[in-house]
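Note sheet for the following structure.
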Amino acid sequence: MSGRKVRRTVVVLELLGTDSAAEKLGARGISVDEAQQLIDNRYEILPNRGRARHGRRRVQVRRLLIGHTDGGRALTLVVERTHDPTTWLIVTGWSATDEQRRMIED
């Protein structure tokens with residue numbers, strides 16, 4: 001085996017929004033429907049380097065999904081892996097920062 005790292009691609013075919021996620025997104029002026037549009041457009045999935053909760057092992061089940069809505073709005077979502085590797089649960093989200101926008105525009 002060579003020493004090269006193999007980048008695994010994460011495929012998102014479905015985003016699920018809970019009532020809790022809808023409330024968090026709504027507080028930022030984002031609807032679940034709008035958030036779900038990201039997977040129909042160009043998006044990037046990155047590790048979520050946010051804080052781990054106290055007393056919990058840090059397991060990479062959450063990622064950042066950064067992309068554009070159909071209307072061109074750049075959003076960042078925190079998504080969580082489900083049992084189906086192509087279905088992800090929306091945890092929260094916000095308007096993408098300038099740095100995050102550059103990631104999807106390059």
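A few remarks follow.
- Among the residues of the range 11-41, those identified as out of contact with any Asp or Glu (no Cβ under 9 Å at 6 or more places or on another chain) and of a type in the set (A, V, I, L, M, F, W, C) are 11, 12, 15, 16, 21, 22, 27, 30, 32, 35, 38.
- Listed by first and then second residue, the pairs linking a residue in the range 92-104 that is more than 14 Å from residue 45 (Cα to Cα) to a residue that is in a helix (DSSP H, G or I), with Cβ atoms under 8 Å apart and 6 or more places separating them unless they lie on different chains, are 92/21; 92/24; 92/25.
- Members of the range 71-82 found to be part of a strand (DSSP E or B), polar (S, T, N, Q) and more than 8 Å from the chain's Cα centre (by Cα), listed by number: none
- Residue in the range 44-57 that is at pLDDT 95 or above, at negative phi and not in a loop (DSSP other than H, G, I, E, B) present: no
- When residues of the range 25-40 are limited to those that are touching a Phe, Trp or Tyr at 6+ places or on another chain (Cβ under 9 Å) and buried (at least 18 other Cβ atoms within 10 Å of the Cβ), the one farthest from residue 79 (Cα to Cα): 30
- Restricting attention to the range 58-70, the residues that are at pLDDT 95 or above and part of a loop (DSSP other than H, G, I, E, B) total 2.
- Restricting the first member to the range 41-65 and to residues that are surrounded by fewer than 12 Cβ atoms within 10 Å (Cβ to Cβ), and the second to residues that are modelled with pLDDT of 80 or more and assigned to a strand (DSSP E or B), the beta-carbon pairs closer than 8 Å and six or more apart or on different chains are 42/67; 42/68; 47/63; 47/64; 50/62; 50/78; 60/47.
The values are calculated or read from the model by the stated rules, or taken from the named source; none is laboratory data. Keep in mind the model is a prediction, meaning the values are calculated, not measured. No Cβ is skipped: glycine too gets one built from the backbone with ideal geometry, and neighbour counts run over all protein chains shown.
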